[in-house]
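First up is the structure itself, then whatever we jot down about it.
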Amino acid sequence: MSAEGPTARTARPEGPAAYVARVTFRTAPSARVVALTIDDGPTREWTPQVLRILRQHGAKATFFVVGERAQAAPRWVVQAADAGHELANHTWAHSDLTQNNEAFDRDSLERTHELLVHLTGRAPSLCRPPYGRIDSVGLAVCAGLHYGVMLWSNHVTGSNARGDVDTTLRHASPGSIVLAHDGGSEPNASLMQQLDRLVASMKDAGYRFVTVSELLAAPAHGGAAAT
Ligand SMILES: [Zn+2]
């Protein structure tokens, strides 16, 4: 890759069509709904545990999957889709979208997109950039794929799962988007226990866990759609 100065790394969208990518951290729906998002899987060890927790509480989630991991463990992608969860794009190999050129980023997202279509019969509509890192190049690729870019408002880590759930329970409000992991270095038994506690406690507080697409479609405060 050629050396690029900071201003040289800009996308140049071609053609007359609109080129728009909406970035969301959280929404503000009038209903008491929140979204749980699960990144970096699927894995044989943790994805089934997350699916069991969700099933026990009647909760829906959105899985941002890594393409090559979905290829290695397709069964858990299919099971998640069959259970009504949303599948979304987290690149083919968990690549930092700011460290590669436009062709690489597009290929990484398109390969994952095609695999998810093949496995689930549904086209994903959301991308979460690995590490939350994205710039004009990645945003242009997402715009070209008609993807929404989904970040998060709360993070339950593996290293401080109990404290992070306490914090999330204190600060959550309708429209919160909670991040946790079913792959990579974060998931552990404590995280699974605490995810169970989070979902149970928020249900007791009157919240309903919906997919990110459902959260985006929920009417906002004041009655207007959250667009
Ligand atoms: Zn990730």
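The values are calculated or read from the model by the stated rules, or taken from the named source; none is laboratory data. Keep in mind that what you see is a predicted model, and the values were worked out from it rather than measured. Ideal geometry is used to build each Cβ from the backbone, glycine not excepted, and the neighbour counts take in all protein chains shown. Keep in mind that these areas ignore ligands, DNA and RNA; they rest on the heavy atoms of the full protein, side chains included. Shrake-Rupley method; radii C 1.70, N 1.55, O 1.52, S 1.80 Å.
Looking only at 11, 80, 28, which one moves most when the chain is put into a Gaussian network model with springs between Cα atoms under 10 Å?
With Cα springs under 10 Å in the chain, the top fluctuation among 11, 80, 28 is at 11.
Mind jotting down the three principal axis lengths of the stretch 130-227 based on Cα atoms? Whole angstrom, largest first.
39, 37, 17
Tell me the accessible surface of residue 208 in square angstrom (1.4 angstrom probe, heavy atoms of protein chains only), to the nearest ten.
140 Å²
Ordering 75, 106 by how much accessible area each has at a 1.4 Å probe, largest first, what is the list? Intermediate values should be presented prior to the final figure.
Values: 75 145, 106 85 Å².
Sorted descending by solvent-accessible area, the residues read 75, 106.
Could you tell me the convex hull volume per residue, in Å³, taken over the Cα atoms of the stretch 1-108?
Details: hull volume 17.4 nm³, N = 108.
Measuring per residue, one finds 161 Å³ for the Cα hull of the stretch 1-108.
Using only the Cα atoms of the chain, each taken as one equal point scatterer with no solvent, compute I(q) by the Debye sum, divide by I(0), and report log10 of the ratio at q = 0.10, 0.12 Å⁻¹.
The Debye formula, applied to the Cα set alone, gives -0.44, -0.64.
So what does residue 60 come to for accessible area, using a 1.4 Å probe and Å² rounded to 10?
Here the accessible area works out near 70 Å².
Evaluate the charge dipole of the chain about its Cα centre and quote only its size in Debye, nearest 20, assuming +1 on the Cβ of each Lys and Arg and -1 on the Cβ of each Asp and Glu. If you can, show how the numbers build up before the last one.
Details: 21 positive and 22 negative charges, 139 e Å.
Dipole of the chain, to the nearest 20 debye: 660 debye.
Among 215, 36, 169, whose mean-square fluctuation peaks in a Gaussian network model of the chain (Cα, cutoff 10 Å)?
Of 215, 36, 169, the most mobile in the Gaussian network model is 169.
Taking a probe of 1.4 angstrom, what is the accessible area of residue 102 in Å², to the nearest 10?
60 Å²
Carbon and sulfur: what percent of the chain's accessible surface (1.4 Å probe)? All intermediate terms of the calculation are to be shown ahead of the outcome.
Numbers: 5340 of 10540 Å².
Carbon with sulfur: 51 percent of the solvent-accessible area.
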